[in-house]
Amino acid sequence: MELDRRNILLGLAGAASIAGAPACSRAEDVDQDAPPVINNQRDFSGALTLPALPNTPLLNRARAAQIMAEQGIDALICARPENIYYLTNHYPMLAKMGIRQLSYAIITRDEAIAPILVIGQFAYYLGATERATHSFVDVRLYTAPAEADSYYQSLSVFEQMDAAAIESFLPRMHDAHPLHPIEQQRRDLTLNVSDRIFPTSEIALLKATKDLLLTDKRIAVDSGELTALLERADQMDIVDSGEDMIRRIRLQKTSAEIELARYAARANAEAGRAAAMSVRDGACFQDLRTQYALACAERNLTTKFMVIDGIIPDSVPRKIEEGRSFLIDCVSQHQYYHGDYGRTVCVGEPTRQIQKATDALSNVWNELLPQLKPGVRYSEISAMATKAYADQSSEATLICNPHSVGIHHTDEPSRPNTYHWAKDDLELLEGMVLSVDLPIADIGLGGSGHLEDLVLIGAEGAELLNDTGDRVIIV
């Protein structure tokens, strides 16, 4: 009889997944006594609407100028693809192929100066479509040296800066048929920014720093390779604080980022639920990960990882067992913005110890949510969670891990003056997307458990970004 019930649920879950509606949990799994927790509670019953490519800057320029001024930085130069994307709304696709140091982005403290994108002409052409090319970015294109032998034999960067470039890397155009509108658009958009062509990415970058009058200025960079490149020109005071700086800037999201974050959070949670509702006794962990990947693909998400029962490697040949609860931690991205969702799943009834632990986590989360406001520090969140947990009956160990989510799963700066990443005691900001990880890591309880949702910090409190009506999923 139990198998029949699960098979019926599996069929309903599959239909819900195809329709794009949230998968259902048992009614008794929802805490009916949970208070109306937060301000601006959203209705998650409607269908997902895929957001368009943003046509306003992802970059929080005012916050960038403020932080750069506080740290005495005149310009920020980035080589990491996710940082280039944040500064210019353009993700260098060749970076996905493992090819580095071919694209750069620059912003100055002066908000009136447009961000600069350095990118190969043909690479730009491949991505030059409506909403992927923006008038608020100053594009600097390069091709290759017209005289490659003499260019690469030169030991002086100043001689290389005067080298001629090949005029165009655009595809040859035939007159056999009229250009398709997409072909015409990409060609026109690329030609519009091809008035200056440089021989290499290095020269295009160094020329841009000269145009911006950055000689003898203080420059932050996000990679050691950039430091070595810029030092060749012997122009600037270079510091390596750029990665933490840009992460600090990104803590406070712009409206364009928030739109992507809303979609990523809700769609990822729906994908995680749909995968969880598909499981059965004897299924492999790989089966569950496959279902999650399929559910993500249906929602235009790219899977990043799925932790199952505390196990991270995809290839571990574990099986799901009836009566043993297991945590899921589901992370995917949409247009490079991440969703992060954690739940406890059980085929059949969980053990008494797991039930007590998950009830405790749910109660702690209910108490934390109304208190997540601008000005509250990570350490205060952990202290509030510890205090709330002390009133619960569970003997499992509480873990409380607040972290910012955005272009990275953990998208926040390290503690200053450290040589490795160390969690900083950050203060919540309006416009911050936050996760408060609440996993159960103890063993011998009959399984593992987890509770994790994403919220947006508003002026008066937090707004849930995903449906939370399934604190424990039983199939």
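Go through the residues of the range 91-112 one by one and say whether even a single one is under 19 Å from Ala256 (Cα atoms) and among the polar types (S, T, N, Q).
No, because not a single residue in the range 91-112 is under 19 Å from Ala256 (Cα atoms) and among the polar types (S, T, N, Q).
Got a sec? Which of Leu189, Leu179 is among the hydrophobic types (A, V, I, L, M, F, W, C), at negative phi and not in a loop (DSSP other than H, G, I, E, B)? Can you show your working first?
On the way: Leu179 fails: not in a loop (DSSP other than H, G, I, E, B).
Step by step, each of Leu189, Leu179 is checked, and only Leu189 is among the hydrophobic types (A, V, I, L, M, F, W, C), at negative phi and not in a loop (DSSP other than H, G, I, E, B).
Please verify whether Thr302 is under 15 Å from the mean Cα position of the chain (by Cα), β-branched (Val, Ile, Thr) and at negative phi, treating the condition exactly as stated.
On the way: under 15 Å from the mean Cα position of the chain (by Cα): yes; β-branched (Val, Ile, Thr): yes; at negative phi: yes.
Criteria met by Thr302.
Give Arg187, Arg196 a once-over and let me know the one that is assigned by TED's automatic domain parsing to the domain that holds Ala105, touching a residue at least 24 places away in the same chain (Cβ under 8 Å), closer than 19 Å to Leu102 by Cβ and among the charged types (D, E, K, R). Break it down stepwise before answering.
Working: Arg187 fails: closer than 19 Å to Leu102 by Cβ.
Only one candidate passes the filter, namely Arg196.
Can you pull out every residue in the range 250-294 that is within 14 Å of the chain's Cα centre (by Cα) and among the hydrophobic types (A, V, I, L, M, F, W, C)?
Scanning the range 250-294 gives Leu251, Ala256, Ile258, Leu260, Ala261, Ala264, Ala265, Ala267.
From the list Leu301, Leu294, exactly one residue is buried (at least 20 other Cβ atoms within 10 Å of the Cβ) and free of Cβ contacts under 8 Å to residues at least 60 places away in the same chain. Which is it?
Working: Leu294 fails: buried (at least 20 other Cβ atoms within 10 Å of the Cβ).
Unique residue meeting the criteria: Leu301.
Looking only at the range 332-363, which residues are within 26 Å of the chain's Cα centre (by Cα) and closer than 24 Å to Ala385 by Cβ?
Of all residues in the range 332-363, those within 26 Å of the chain's Cα centre (by Cα) come to 332-345, 361-362.
The answer is His338, Gly339, Asp340, Tyr341, Gly342, Arg343, Thr344, Val345, Leu361, Ser362.
What residue, among those in the range 222-272 that are free of Cβ contacts under 8 Å to residues at least 40 places away in the same chain and part of a helix (DSSP H, G or I), is nearest to Ser435 (Cα to Cα)?
Among residues in the range 222-272 that are free of Cβ contacts under 8 Å to residues at least 40 places away in the same chain and part of a helix (DSSP H, G or I), the one nearest to Ser435 (Cα to Cα) is Gly224.
State whether the residues of the range 394-407 include one that is under 17 Å from Val364 (Cα atoms), of a type in the set (Ser, Thr, Tyr) and modelled with pLDDT of 95 or more.
No, the range 394-407 contains no residue that is under 17 Å from Val364 (Cα atoms), of a type in the set (Ser, Thr, Tyr) and modelled with pLDDT of 95 or more.
Failed condition for Thr215, given (1) surrounded by 12 or more Cβ atoms within 10 Å (Cβ to Cβ); (2) closer than 30 Å to Glu111 by Cα; (3) among the hydroxyl-bearing types (Ser, Thr, Tyr), with all others met?
(1)
Just checking, does the range 328-335 include any residue being on the phi > 0 side of the Ramachandran plot, surrounded by 19 or more Cβ atoms within 10 Å (Cβ to Cβ) and at pLDDT 95 or above?
Residues of the range 328-335 that are on the phi > 0 side of the Ramachandran plot, as a first pass: 335.
Narrowing further to those that are surrounded by 19 or more Cβ atoms within 10 Å (Cβ to Cβ): 335.
Narrowing further to those that are at pLDDT 95 or above: 335.
The answer is yes, given that some residue of the range 328-335 is on the phi > 0 side of the Ramachandran plot, surrounded by 19 or more Cβ atoms within 10 Å (Cβ to Cβ) and at pLDDT 95 or above.
Just one of (1) more than 24 Å from Arg250 (Cα to Cα); (2) at pLDDT 95 or above; (3) β-branched (Val, Ile, Thr) trips up Ile106, so point out which.
(1)
So, His408, is that one free of Cβ contacts under 8 Å to residues at least 24 places away in the same chain and either of a type outside the set (Ser, Thr, Tyr) or within 30 Å of Gly323 (Cβ to Cβ) (or both) or not?
Values: free of Cβ contacts under 8 Å to residues at least 24 places away in the same chain: no; either of a type outside the set (Ser, Thr, Tyr) or within 30 Å of Gly323 (Cβ to Cβ) (or both): yes.
Spelling it out, it is not the case that His408 is free of Cβ contacts under 8 Å to residues at least 24 places away in the same chain and either of a type outside the set (Ser, Thr, Tyr) or within 30 Å of Gly323 (Cβ to Cβ) (or both).
Mind listing just one residue for me: the one in the range 407-447 that is on the phi > 0 side of the Ramachandran plot and in contact with a strand residue (DSSP E or B) (Cβ under 8 Å, 6 or more places away or on another chain) and, of those, surrounded by the fewest Cβ atoms within 10 Å (Cβ to Cβ)?
So in the range 407-447, the residues on the phi > 0 side of the Ramachandran plot come out as 417, 431, 444, 446-447.
Add one more test, that the residue is in contact with a strand residue (DSSP E or B) (Cβ under 8 Å, 6 or more places away or on another chain), and what stays is 431, 446-447.
Working: Gly431: 20, Gly446: 17, Gly447: 24.
This residue is Gly446.
Can you pull out the residues in the range 386-406 that are surrounded by 15 or more Cβ atoms within 10 Å (Cβ to Cβ) and more than 22 Å from the chain's Cα centre (by Cα)?
Filtering the range 386-406 for residues surrounded by 15 or more Cβ atoms within 10 Å (Cβ to Cβ) gives 388-389, 392, 394, 396, 398-406.
Ala388, Tyr389, Gln392, Ser394, Ala396, Leu398, Ile399, listed by residue number.
Right, Gly342: at pLDDT below 95, surrounded by fewer than 24 Cβ atoms within 10 Å (Cβ to Cβ) and touching a Ser or Thr at 6+ places or on another chain (Cβ under 9 Å) or not? Write out each step before concluding.
Working: at pLDDT below 95: no; surrounded by fewer than 24 Cβ atoms within 10 Å (Cβ to Cβ): yes; touching a Ser or Thr at 6+ places or on another chain (Cβ under 9 Å): yes.
When the stated conditions are applied, Gly342 does not pass them.
Which one of the conditions (1) of a type outside the set (Ser, Thr, Tyr); (2) over 30 Å from Asn417 (Cα atoms); (3) surrounded by 13 or more Cβ atoms within 10 Å (Cβ to Cβ); (4) at pLDDT 95 or above does Arg196 fail to meet, given that it meets all the rest?
(4)
Please name all residue pairs, on different chains or six or more residues apart, with Cβ atoms under 7 Å, provided the first residue is in the range 163-183 and is not assigned by TED's automatic domain parsing to the domain that holds Tyr142 and the second residue is polar (S, T, N, Q).
That search, which allows pairs on different chains as well, returns nothing.
Looking at Ser325, is it over 21 Å from Ile457 (Cα atoms), at pLDDT below 95 and not hydrophobic (A, V, I, L, M, F, W, C)?
When the stated conditions are applied, Ser325 does not pass them.
Can you tell me which residues in the range 143-177 are surrounded by 10 or more Cβ atoms within 10 Å (Cβ to Cβ), aliphatic (A, V, I, L, M) and farther than 20 Å from Phe122 by Cα?
Scanning the range 143-177 gives Val157, Met161.
Being small (Gly, Ala, Ser) and outside any helix (DSSP H, G or I) is the filter here, so list the residues in the range 273-290 that pass it.
Kept after step one, since they are small (Gly, Ala, Ser), are these residues of the range 273-290: 274-276, 278, 282-283.
Across the range 273-290, the qualifying residues are Ser278, Gly282, Ala283.
All but one of (1) over 22 Å from Asp110 (Cβ atoms); (2) modelled with pLDDT of 90 or more hold for Met245, so report the exception by its number.
Failed condition: (1).
The values are calculated or read from the model by the stated rules, or taken from the named source; none is laboratory data. In this text, all values refer to a predicted model and were calculated from it rather than measured experimentally. When we count neighbours, we look across all protein chains shown, and the Cβ atoms used for this are built from the backbone with ideal geometry, even at glycine.
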